[in-house]
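The values are calculated or read from the model by the stated rules, or taken from the named source; none is laboratory data. Remember, predicted model here, so these are calculated numbers, not experimental data. Every residue, glycine among them, receives a Cβ derived from its backbone with ideal geometry; neighbour counts consider all protein chains shown.
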Amino acid sequence: MPAVRRPLVAGNWKMNGSRAALAEIGGMAQAFDAGLRSKIDLLVCPPVPLLWAAAKAALGTGIAVGAQDCHARTSGAHTGDVSAEMLADVGATAVIVGHSERRADHGEKDQDVRAKAEAVRRAALTAIVCVGETRDEREAGKTLAVVRRQLRGSIPEGSTAAGLVVAYEPVWAIGTGLTPTVADVAEVHGMIRAELRKLVGKGEFEGVRILYGGSVKPSNAAELMAVENVDGALVGGASLKASDFMGIAGVYR
Ligand code: PEP
């Protein structure tokens with residue numbers, strides 16, 4: 001029997017937003033009424049300098065806050081880096097790891113992503129592990145192989161449903177306005193679920209949420225969120241405005 005998975009709608013603000021942007025959390029809280037709160041989890045991942053203030057702004061609203069990356073170690077001589085423990089200390093409950101922009105801009109490989117996901121678990125937070133193919137890989141028919149390789153390389157052994165979320169984000173769909181067909185999303189998410197069966201402890205894999213990310217907006221969210229094994233969304237650009245983000249989350253009403 002399939003586990004009941006509570007949908008998660010997560011926003012990745014990337015390197016955007018100043019303190020003024022925290023007002024958007026107030027707007028999100030207004031739309032995150034008791035009805036919607038009873039159905040889904042909502043997470044906002046602002047840049048690190050805003051995390052503590054975002055956590056305070058979100059207090060009592062049901063909105064969780066998270067981070068976009070972390071270092072694999074707890075502390076030490078790593079100038080400019082931030083550990084999962086530090087993120088937990090300022091109120092983060094989740095950390096995105098392996099986003100394609102980190103993989104591309106910082107040369108992060110699957111083994112780095114796995115080390116970061118392990119650090120997130122060590123800090124008792126939830127790791128949102130991102131995977132996804134480039135346009136060239138899709139056109140070469142390599143999507144499933146690429147995503148499978150990323151999963152096998154990036155997901156720590158012994159991950160649990162509470163501690164792991166997988167986000168399928170085709171690189172070519174991020175910030176472009178392009179999205180895969182629902183059939184393509186269903187195929188990849190189905191493969192991810194099957195792979196999780198092997199990678200994650202028995203009794204846990206069915207509870208791991210698999211998010212779709214890449215140009216999700218209010219106008220396409222209902223169609224994408226209805227696909228089997230899509231348990232929510234990882235939203236970039238459309239998470240910066242409360243009205244857009246809550247337009248997406250609202251499909252679960
Ligand atoms: C992302 O970067 O995680 C993302 C999904 O971006 P966008 O929604 O802007 O495509």
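Please indicate, with yes or no, whether at least one residue in the stretch 25-40 is of a type outside the set (A, V, I, L, M, F, W, C) and in contact with a Leu (Cβ under 8 Å, 6 or more places away or on another chain).
no
Of everything in the stretch 240-249, what is closer than 27 Å to Glu206 by Cβ and within 12 Å of the ligand (Cβ to nearest atom)? Give them in sequence order.
Within the stretch 240-249, Ile248 is the sole residue that qualifies.
Return the residue satisfying two criteria in turn: it lies in the stretch 99-125 and is in contact with a helix residue (DSSP H, G or I) (Cβ under 6 Å, 6 or more places away or on another chain) and farther than 17 Å from Glu85 by Cα, and of such residues it is farthest from the ligand (Cβ to nearest atom).
Filtering first and then ranking leaves Asp110.
Output the number of residues of the stretch 127-136 satisfying the condition of being free of Cβ contacts under 8 Å to residues at least 40 places away in the same chain and not in a helix (DSSP H, G or I).
Total satisfying the criteria: 4.
Touching a helix residue (DSSP H, G or I) at 6+ places or on another chain (Cβ under 7 Å), among the aliphatic types (A, V, I, L, M) and modelled with pLDDT of 95 or more: does that describe Ala77?
Details: touching a helix residue (DSSP H, G or I) at 6+ places or on another chain (Cβ under 7 Å): no; among the aliphatic types (A, V, I, L, M): yes; modelled with pLDDT of 95 or more: yes.
Considered against the rule, which asks whether it is touching a helix residue (DSSP H, G or I) at 6+ places or on another chain (Cβ under 7 Å), among the aliphatic types (A, V, I, L, M) and modelled with pLDDT of 95 or more, Ala77 comes out as no.
Out of (1) buried (at least 21 other Cβ atoms within 10 Å of the Cβ); (2) within 16 Å of the ligand (Cβ to nearest atom), the odd one out for Arg135 is which?
(1)
May I ask you to list the residues in the stretch 124-156 that are out of contact with any Asp or Glu (no Cβ under 9 Å at 6 or more places or on another chain) and within 14 Å of Asp110 (Cα to Cα)?
Ile128, Val129, Glu133
More than 24 Å from Lys39 (Cβ to Cβ) and within 14 Å of the ligand (Cβ to nearest atom) - does that describe any residue in the stretch 152-171?
Yes.
Go through the stretch 197-218 and count every residue that is more than 16 Å from the chain's Cα centre (by Cα), away from the ligand (no atom under 13 Å from the Cβ) and of a type outside the set (Phe, Trp, Tyr). Even if it seems obvious, please write down each step before you answer.
Going through the stretch 197-218, the residues more than 16 Å from the chain's Cα centre (by Cα) turn out to be 197-206, 218.
Remaining after also requiring away from the ligand (no atom under 13 Å from the Cβ): 197-206.
Then keep just the ones that are of a type outside the set (Phe, Trp, Tyr); that gives 197-204, 206.
The number of residues fulfilling the criteria is 9.
Which residues, counting only those in the stretch 225-239, are within 11 Å of the ligand (Cβ to nearest atom) and farther than 14 Å from Val165 by Cβ?
As a first pass, look at the stretch 225-239 and keep what is within 11 Å of the ligand (Cβ to nearest atom): 233-239.
The answer is Gly236, Gly237, Ala238, Ser239.
Determine, yes or no, whether Val208 is among the hydrophobic types (A, V, I, L, M, F, W, C) and more than 12 Å from Val165 (Cα to Cα).
For Val208, the condition - among the hydrophobic types (A, V, I, L, M, F, W, C) and more than 12 Å from Val165 (Cα to Cα) - is not met.
Determine if the stretch 172-189 includes at least one residue that is exposed (fewer than 13 other Cβ atoms within 10 Å of the Cβ), within 20 Å of Asn220 (Cα to Cα), of a type in the set (A, V, I, L, M) and within 15 Å of the ligand (Cβ to nearest atom).
The answer is yes, given that some residue of the stretch 172-189 is exposed (fewer than 13 other Cβ atoms within 10 Å of the Cβ), within 20 Å of Asn220 (Cα to Cα), of a type in the set (A, V, I, L, M) and within 15 Å of the ligand (Cβ to nearest atom).
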